[in-house]
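J.: What follows is a structure written as structure tokens; I'll ask about it next.
The values are calculated or read from the model by the stated rules, or taken from the named source; none is laboratory data. Model, not experiment: these values are computed from the prediction. Note that we place each Cβ from the backbone using ideal geometry, even for glycine, and neighbour counts take in every protein chain shown. Ligands, DNA and RNA are excluded from the accessible area calculation, which covers all protein heavy atoms including side chains. Shrake-Rupley method; radii C 1.70, N 1.55, O 1.52, S 1.80 Å.
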Amino acid sequence: MPISGLNHAVLFVSDLERSVAFYREVMGFRRLPGGFAGAAFLQAPDSANDHDLGLFQSPRPGPRGPKGQVGLYHLAWEVRTLSDLAEMHTRLATADALTGASNHGSTKALYAHDPDGIEFEVCWLVPDNFVADELKPGTPPTRPLNIPAEIERYGADTPTGTRTDQRLWEQVFGPGWAKQ
């Protein structure tokens, strides 16, 4: 029985209401009714999932360990269009949460952190029919992200790639890649 995807994330936070405010105001999540004391459940704006993010008040809300310590590095949230990615860039920069922006070929990514320093990514996936072209041999795996140039290439409202065709990676990496 294979895994088909990540359904939701749950984070311990040092200040529950501050984190709820960040994820609502900056990221656009909705707080769901119900739950229990010391926890909040949120839903992404276009999601029909029962919850996409759980926030739990940490029983030990001290400082985070040093970067690179064993544990979660980051989560990746997906947006529907490049115009959504551009809007998120503005929102994260305004909140002083944006830490980077990269073109990884098959994904266009923003990197940021929440009020506790928990890192996350916001990405737009290149549609499947363009991925092989984006990942040609010799193309650097990471380069600077230029959102206006990506919008010019793909269009502001082109939907994110859904990655439903697993044969795509055989085209990119060659036959038998999954057995390595």
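J.: Restricting to the range 36-45, and then to whatever is part of a loop (DSSP other than H, G, I, E, B) and within 17 Å of Phe120 (Cβ to Cβ), can you tell me which residue is least open to solvent (accessible area, probe 1.4 Å)?
T.: Just the residues of the range 36-45 that are part of a loop (DSSP other than H, G, I, E, B), to begin with: 36-38, 44-45.
Filter once more, so that each one left must be within 17 Å of Phe120 (Cβ to Cβ): 44-45.
Numbers: Ala44: 25, Pro45: 65 Å².
The residue in question is Ala44.
J.: Right, His113: within 25 Å of Ala156 (Cβ to Cβ) and open to solvent by 40 Å² or more (accessible area, probe 1.4 Å) or not?
T.: Values: within 25 Å of Ala156 (Cβ to Cβ): no; open to solvent by 40 Å² or more (accessible area, probe 1.4 Å): yes.
Considered against the rule, which asks whether it is within 25 Å of Ala156 (Cβ to Cβ) and open to solvent by 40 Å² or more (accessible area, probe 1.4 Å), His113 comes out as no.
J.: Quickly run through the range 132-157 and pick out the residues that are of a type in the set (Ser, Thr, Tyr) and in contact with a strand residue (DSSP E or B) (Cβ under 9 Å, 6 or more places away or on another chain).
T.: Residues of the range 132-157 of a type in the set (Ser, Thr, Tyr): 139, 142, 154.
Selection gives Thr142, Tyr154.
J.: If the requirement is being closer than 29 Å to Asp165 by Cβ, in a loop (DSSP other than H, G, I, E, B) and open to solvent by 50 Å² or more (accessible area, probe 1.4 Å), which of these qualifies: Pro59, Pro66, Pro2, Pro33?
T.: The conditions single out Pro2.
J.: Any residue at all in the range 3-14 that is at pLDDT 95 or above and of a type in the set (S, T, N, Q)?
T.: no
J.: Restricting attention to the range 1-45, report how many residues are closer than 13 Å to Leu55 by Cβ, touching a residue at least 60 places away in the same chain (Cβ under 8 Å) and either out of contact with any Leu (no Cβ under 6 Å at 6 or more places or on another chain) or not small (Gly, Ala, Ser) (or both).
T.: 8
J.: Something else now. Just the residues that are among the β-branched types (Val, Ile, Thr) and surrounded by fewer than 17 Cβ atoms within 10 Å (Cβ to Cβ), please, taken from the range 5-30.
T.: Val10 - this is the single residue of the range 5-30 that is among the β-branched types (Val, Ile, Thr) and surrounded by fewer than 17 Cβ atoms within 10 Å (Cβ to Cβ).
J.: Look through Pro140, Pro127 and report the one residue that is of a type outside the set (A, V, I, L, M, F, W, C) and either open to solvent by 50 Å² or more (accessible area, probe 1.4 Å) or within 23 Å of Thr90 (Cα to Cα) (or both). Don't jump to the end; show me each part of the working.
T.: Working: Pro127 fails: either open to solvent by 50 Å² or more (accessible area, probe 1.4 Å) or within 23 Å of Thr90 (Cα to Cα) (or both).
It is Pro140.
J.: Quick one: is Gly71 more than 30 Å from Thr160 (Cα to Cα), among the small types (Gly, Ala, Ser) and either in contact with a strand residue (DSSP E or B) (Cβ under 7 Å, 6 or more places away or on another chain) or open to solvent by 40 Å² or more (accessible area, probe 1.4 Å) (or both)?
T.: Working: more than 30 Å from Thr160 (Cα to Cα): no; among the small types (Gly, Ala, Ser): yes; either in contact with a strand residue (DSSP E or B) (Cβ under 7 Å, 6 or more places away or on another chain) or open to solvent by 40 Å² or more (accessible area, probe 1.4 Å) (or both): yes.
Considered against the rule, which asks whether it is more than 30 Å from Thr160 (Cα to Cα), among the small types (Gly, Ala, Ser) and either in contact with a strand residue (DSSP E or B) (Cβ under 7 Å, 6 or more places away or on another chain) or open to solvent by 40 Å² or more (accessible area, probe 1.4 Å) (or both), Gly71 comes out as no.
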